[in-house]
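The values are calculated or read from the model by the stated rules, or taken from the named source; none is laboratory data. Note that the structure is predicted; figures quoted are calculated from it, not measured. Every residue, glycine as well, gets a Cβ built from its backbone with ideal geometry; the counts of neighbours run over all protein chains shown. Note: accessible area is taken over every heavy atom of the protein model, side chains too, but ligands, DNA and RNA are not part of it. Shrake-Rupley method; radii C 1.70, N 1.55, O 1.52, S 1.80 Å.
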Amino acid sequence: MAEQPCVDLSMTEEILGSYPHEEPSLIQVLQDVHRAYNYLPCDVLVRVAEVLEVPLAKVFSVSTFYKAFSLEPQGDTIIKVCTGTACHIRGAGQLVEELERKLGIGANETTEDLKFTVKTVNCVGACAMAPVMLVGEKYWGSAKPARMSKYLAEGVNDEN
Amino acid sequence: MRIESKDQFEAYQANAKERESGQPKKVLVCCGTGCLATGAKEVAEAFAHEIAERGLDVEVGLGVKSTGCHGFCERGPLVVFLPEGLLYTKVQAKRVPEIVEKTILGDEIIPGLLYKNPANNERIPAYEEVPFYKNQVRVAMRNIGRIDPTDLVDAVAHDAYAGLAKALHEMTPDEVLDEVETSGQRGRGGAGFFTARKWRSCKSAPGDRRFVLCNGDEGDPGAFKDRSIMEGDPHSVLEGMIIGAYALGAHEGYLYVRDEYPLAVVNLQVAIVEARKAGFLGENILGSGFDFDIQISRGGGAFVCGESSALMRSLAGKTGEPRAKYVHSTDKGLFDLPTVLNNVETWAGIGAIIHRGGAWFASMGTKKSKGTKAFSLVGKVKNTGLIELPMGTTLRHIIYDIGGGVLKDRPFKAVQTGGPSGGCIPEDLLDLPVDYERLTEAGSMMGSGGMIVMDDRTCMVDVARYFIGFLTEESCGKCTPCREGLKQMLGIYDALIEGRGREGDIERIENLAAGMQLGSLCELGKSAPNPVLSTLKYFRAEYEAHIHDQACPAGICRELTAFEIKDDCDGCHVCFKACPTDAIEGVIKEMHVIHHDLCISCGACLDVCPTDSIRTFPKIELAAKEVV
Amino acid sequence: MPTLKINGRKVTVAEDVYLLEACRAAGVEVPTLCNFDGLEPWGGCRLCVVDMSMAKWDDDWFKMVTACNHPVEEGMTVVTDSERVLATRKVVLDLLLARCPETPLIQQLAREHGIEETSYEPNPEQTDCILCGLCTRVCDHIGVSAIASTDRGWGREIAPPFNEPPPDCIGCLACAEICPTDHIKFTTSNVTRTIWGKEFEMLRDPKTGEAVITKAQAEHFAKRSGVPKTYFETSDKSKRLKVAKTFEKLQVVK
C-alpha cells in the first residue's frame, strides 16, 4: 500500500455517487472503479469501504476473490486469451505460449513498460470460433499463433 | 407513451406488425459477438451507407437490421435477405456495394457467398434449407436473428410481450402457474428442476417481499446460448421475468450477467430502458395494477457464482461462497427472502409458453423432458454454432446431420456435455436421445447445453486434467474436499500427462473422487469428479498407457510425444511456417525433417499438414532412435 | 418437539436445533473442526458429515449432510458411523493432513481415524491454518471484521487488508484463542500487545497494575455497550473482590 502512487479520488466520488451506499453495491462500484483506473488502487478501496459502510477487510476479500479485479496497475491494453473447453482443444495453450515468446510475460502478468497485460479468461461465449482472444475490446476468432503480431498491432488501445 | 390497457397494447402491437410488413425487403446482418469479431459491424455500416447513398430507402422500402446471433458463428459475418430467405456467409464490407448492386437491385445470387455444405460441396442459397437451420425448432431463440435487439417495436412485431399481455389481462397469477406446470418446462441452467414446482414453493413461503432472479452467469466453457439470448432477444428474458413475478407476487428482479459478456449487459440495459418507457416495466404494467422492475448486476469473474446461493451472495456484494441448501432459497434466498432463480433460457421460454399455451410446449420433447433445448455445438465439428432442438433428438443427429460430422473427417472420439460437471460420451452411445435422464444415466449431464466434439487428436487424460485445472481455479475454497481435493487431483493429473504417473494413481483418483462427491458443500465440488470418472469409465486404456507405457495414444501430451515427418512428405513447406520454434528443416518440394532437440511437441505441424504426412510416437522411443 | 433416531437410539429435541445437538443428546459424539457453540455453523470443514434419511423417504435412501447446520425434522433417521461416512471423514482428514502435516491437532484427529501418514502430496510450505474460518467468524461476531479470507481456492488465506496491520483490529485476541491449531501468533505483555503486525497499548488495572485489555478493545466495547470505558479497565479479579466486599456486610437474621 505504501508503494502505490496517490490517485485522483474525484473519479471515485463520482462513481460512489451513482450507487446506493450499502454493501450490495460493492461489486458494481469496484467494476466501475476498475474501469476508471485500470486497477483497484488501495486508497480508493479505503474510501469505498468508508462510504458503503463495509469493513475494509471485506472489501479487500471481495477484491481478491473475483478474477475481474487486479490490485496492481494493468497494462494499457489487456489481452485476454479464452481458455474455455472449446478453445482449449482448439489450441488456446499455443496462443498463450506465443504471447510469452513475443511479450515475455505469462498469464496475469504485465509487461515492464505497462503496455500489455495477458490474462486467461474462462469462456467469453464465442465458442464456435475457438480459439478466441481479445486484444483490448477487439475479438479475434479462430486465432492462430502465427498471426499474433497482427492481432497485437491492430487491437492496441491507442488512447492513453 | 406508456401502454395502460389491453386495447392500447393491441394497438401498439398492430402498429409494430404493420411497420414490419410495410418493409418486405430487408437485410439482416448478424451482430452477435461471434460475427462482430469477423467484421459484422463494418458490414452493417456498409449496407446502411450503400443503401442511403443510392436512396434505396425510398424506392424499395429496405431495412437494414443488426440482429442477434444466428448461431453459425464460424461462417460469419452472416447476412440474410428477406423476403427471399437468402443466406450469405463470410460477407466482407468491401463486397457490400457489389451485393447491393447484384443481389438487392438485380435479384442476382453471388454463388461464392452462399453456404457450402461440407458433406457434398453443394451451395445452398436458402437459409431454411441449410441443414444447420433446417432441423432446428426455435422457441427460446425464436426471434434471435430476426429482430434488432435494441428495437422494442421490432420485438413486439414478432410477438414479444404477447404472452405478458395475455397473462396480465386474461389470467390470474395461479392460472399462469398452472400453464407453466402444464408445459412441463424444466430449468435450462443444468439442474433441470421443474419450473412450476420451484415457483410454487416460493409462492407458498411466508412474507411480503420476494425476488425473481435471472442467472446469466453461463460459466460452462463451451456454452454460449445464454449470451446469444441476452444479446439477441433481451426482451424475451424480461418478458419471462415479468410473467414470473406476476405469478409469484414479486415486485423486484435482478438480472445477474457474467462480467465476460459486455454486449449482453449493454443490450439488456437498452431493453430495460425501452420497456420502462413503454410500460412493460415499472408501475402499473400495461394498466394491470401490477408493479415490477429489474436491475442488472454484473458478475466479477467467478464460475462458482453460477451456483444459486453463491450468485445470491454476489448480488449482496459478498464473495461467491455457496452455502448449504438445507434451507431452500425459495424460502430464504437473496437477503434471506423468498427467491426464485432461473436460467436465461428458462425465462426466455416463458413468454412463448403463455402466448401459445403450455400444451403446445409439452407436445415437443420426451416423456420427462418437455419442449426444446438450446445447444452449443462446438469443438472438432464442421458446423460449429448454436442450435435449438426438441428434447429427444439423438446425439448422432446433432453431430452428423446438423453439425456435418467431425472436422476434417477425422475419427470421432467423444462428445463432452454438461461442462465441468458433465462427462464424455463415446461413439457407441451416439444414438442416445438427448434428455435430462438419459445423459445422467450415461455418466454425463445436460448442464447448459454445451456439446464439445472431440476427435482422435484429443487425449482424454488431458481433457480430464483440463477440467480439474479449470475447477481448481474456480473453487471458492470454503470446503476441504473441493479445495484440497482438486489441488491433489490436479497434482496427480499433471504427473500423468508429464509421464510421471505411478502405480496406484488411478486408485487415488477414485478415492478422491468419492470423497469429493460425498463430502463437498456444493455442486461444483460434488460434480467435479464427473469428467474424471467418465473418462476413466470409457477410456481407461489411455490412463494405463500413460502410466505403464509412458505413452499418450492420442499424441497430445507433450512430454510423452515425439513427432516425425513420414516419407510421403511432398515438401509443401506449410509445416515449416507453422512451427513456432523453427524446429523443422526443409526446402520446398523436398522432404522436410523435424529436429527433436528443438521440437516442443505442440502439434502445430501435424494440424496443418495437408497430406497427413506427420506421425506421432512415444518420446521414450527417441532414446533408441538416432537423433537427427 | 421432533423425535429422531440416531444410530438406532430415539431422542426428542427442540424444534430449532441442528443434527449435531441431536446427536449429542443421543450420546453420540460427532467430530467437528469449524463448529463453535455460540457462533453460527459454517459447514466448511465437512468433518461432521453424517448419513440422514427423511421420514418420507425410502428406508434405505440416505443423504450425506453436515450435522452442524442441518435442521432436525420429525421422523429423521441419522447414522453417524456408516461405512461411507467414515470413509468421507477419512478423506477429509487425509487431505487436511496433507495440507498441515506438522500440526498436532490434525495429526491426532487423523490418527484417531486410522491415518498415520497422508496418502497425498504434503504441502511444501508449512502452515497450521486449516481454513476453518473460526477466526474471521468470531471477529465478525464481535462487530470488528478486521480480517477476512482473501483470494479463493487453493490460494485462499486469512489475512488483514493488503496484508498490512489491520486498521480495524482491536487486539482482543478472540481469533487467536478460537483457532483450533494455534496458528495465529501474538505477543502480549503488561505494556503492549502485538497481533497481525499491529501494536496495541495495554490498559492496566488501577489497583493491581496488571494489564487487562487493550485501549482499542476497551473503546470498542464501551462504544458498543454504552458502559463507561473505566468498567473494562478493571481486571476480573478486581471486579470479583469489589463485589465480594458487599457480601461481608450481610448479617444472618435469626
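A few remarks follow.
- Looking only at the range B:497-523, and only at residues there that are surrounded by fewer than 19 Cβ atoms within 10 Å (Cβ to Cβ) and of a type in the set (G, A, S), the one that is farthest from the other protein chains (Cβ to nearest Cβ): B:G504
- Output for the range B:73-94, where each listed residue is farther than 19 Å from B:E42 by Cβ and either within 12 Å of chain A (Cβ to nearest Cβ) or part of a loop (DSSP other than H, G, I, E, B) (or both): B:P83, B:E84, B:G85
- All positions within the range B:251-281 that are surrounded by fewer than 24 Cβ atoms within 10 Å (Cβ to Cβ) and over 25 Å from the mean Cα position of the chain (by Cα): B:H251, B:E252, B:V273, B:E274, B:R276, B:K277, B:A278, B:G279, B:L281
- In the range B:204-247, the qualifying residues are those that are part of a strand (DSSP E or B) and more than 14 Å from chain A (Cβ to nearest Cβ), and the one that is most open to solvent (accessible area, probe 1.4 Å) is B:N215.
- Scanning the range B:301-321 for residues that are at the interface with chain A (Cβ under 7 Å from one of its Cβ atoms) and in a helix (DSSP H, G or I) turns up B:F303, B:S314, B:L315.
- Every condition in (1) at pLDDT below 95; (2) closer than 22 Å to C:A222 by Cα; (3) within 14 Å of chain B (Cβ to nearest Cβ) holds for C:S145 except the one numbered (1).
- Of all the listed residues (B:K537, B:K526), the sole one being out of contact with any helix residue (DSSP H, G or I) (no Cβ under 9 Å at 6 or more places or on another chain), more than 9 Å from chain C (Cβ to nearest Cβ) and open to solvent by 10 Å² or more (accessible area, probe 1.4 Å) is B:K537.
- Residue satisfying all of: in the range A:81-97; within 11 Å of chain B (Cβ to nearest Cβ) and open to solvent by less than 20 Å² (accessible area, probe 1.4 Å); nearest to the chain's Cα centre (by Cα) among these: A:C82
- Residue count for the range B:473-486, restricted to those that are at the interface with chain C (Cβ under 7 Å from one of its Cβ atoms), within 19 Å of C:C100 (Cα to Cα), assigned to a helix (DSSP H, G or I) and under 29 Å from the mean Cα position of the chain (by Cα): 2
- Of the numbered criteria (1) open to solvent by less than 50 Å² (accessible area, probe 1.4 Å); (2) closer than 21 Å to C:I213 by Cβ; (3) under 21 Å from the mean Cα position of the chain (by Cα), the one C:T136 fails is (2).
- Some residue of the range B:379-386 being modelled with pLDDT under 95, assigned to a strand (DSSP E or B), over 25 Å from B:V461 (Cα atoms) and not acidic (D, E): yes
- Criterion: within 17 Å of the chain's Cα centre (by Cα) and over 26 Å from C:R111 (Cβ atoms) - qualifying residue of C:E40, C:E15, C:E73: C:E40
- If you go through the range B:11-33 and keep only what is closer than 27 Å to B:A264 by Cβ and touching a Leu at 6+ places or on another chain (Cβ under 9 Å), you end up with B:A16, B:K26, B:V27, B:L28, B:V29, B:C30, B:C31, B:G32, B:T33.
- Residue selected from the range C:152-194 under the condition open to solvent by 70 Å² or more (accessible area, probe 1.4 Å) and within 14 Å of chain B (Cβ to nearest Cβ), by the criterion farthest from C:P206 (Cα to Cα): C:W154
- Looking across the range C:1-40 at every residue that is of a type in the set (V, I, T) and part of a loop (DSSP other than H, G, I, E, B), the one that is farthest from C:E74 (Cα to Cα) is identified as C:T32.
- Every residue from the range C:177-198 that is without any contact (Cβ under 8 Å) to a residue 24 or more places away in the chain and not basic (K, R): C:E177, C:F186, C:T187, C:T188, C:S189, C:N190, C:V191, C:T192, C:T194
- Screening B:Y493 against (1) in contact (Cβ under 8 Å) with a residue 12 or more places away in the chain; (2) more than 9 Å from chain C (Cβ to nearest Cβ); (3) more than 15 Å from B:D220 (Cα to Cα); (4) out of contact with any Lys or Arg (no Cβ under 6 Å at 6 or more places or on another chain) leaves a single unmet condition, (4).
- When the range B:271-300 is filtered for residues that are in a loop (DSSP other than H, G, I, E, B), away from chain A (no Cβ under 14 Å) and either at pLDDT below 95 or at negative phi (or both), the ones remaining, listed by number, are B:F280, B:L281, B:E283, B:S288, B:F290, B:D291.
- Top-ranked residue in the range B:582-620 [being surrounded by fewer than 14 Cβ atoms within 10 Å (Cβ to Cβ) and within 14 Å of another protein chain (Cβ to nearest Cβ); ranked as nearest to B:D409 (Cα to Cα)]: B:D582
- Residue match in the range C:213-227 (condition: under 28 Å from C:P161 (Cβ atoms) and either assigned to a strand (DSSP E or B) or in contact with a His (Cβ under 7 Å, 6 or more places away or on another chain) (or both)): yes
- Candidate set: the range B:300-331, residues that are open to solvent by 20 Å² or more (accessible area, probe 1.4 Å) and without any contact (Cβ under 8 Å) to a residue 12 or more places away in the chain; chosen: the one farthest from B:C214 (Cα to Cα): B:Y326
- Taking the range C:228-246 as the range and being in a loop (DSSP other than H, G, I, E, B) and in contact with a helix residue (DSSP H, G or I) (Cβ under 9 Å, 6 or more places away or on another chain) as the test, the residues that pass are C:P228, C:T234.
- Selection of first residues in the range B:531-545 that are closer than 21 Å to B:L486 by Cβ and of second residues that are in a helix (DSSP H, G or I) and open to solvent by 60 Å² or more (accessible area, probe 1.4 Å), restricted to Cβ pairs under 8 Å at least 6 apart or on distinct chains, gives the following pairs, ordered by first then second residue: B:L533/B:E510; B:L536/B:E510.
- Restricting the search to strands (runs of 3 or more DSSP E) fully inside the range C:41-87 and requiring at least 2 residues that are away from chain B (no Cβ under 12 Å) and exposed (fewer than 15 other Cβ atoms within 10 Å of the Cβ) gives an empty result.
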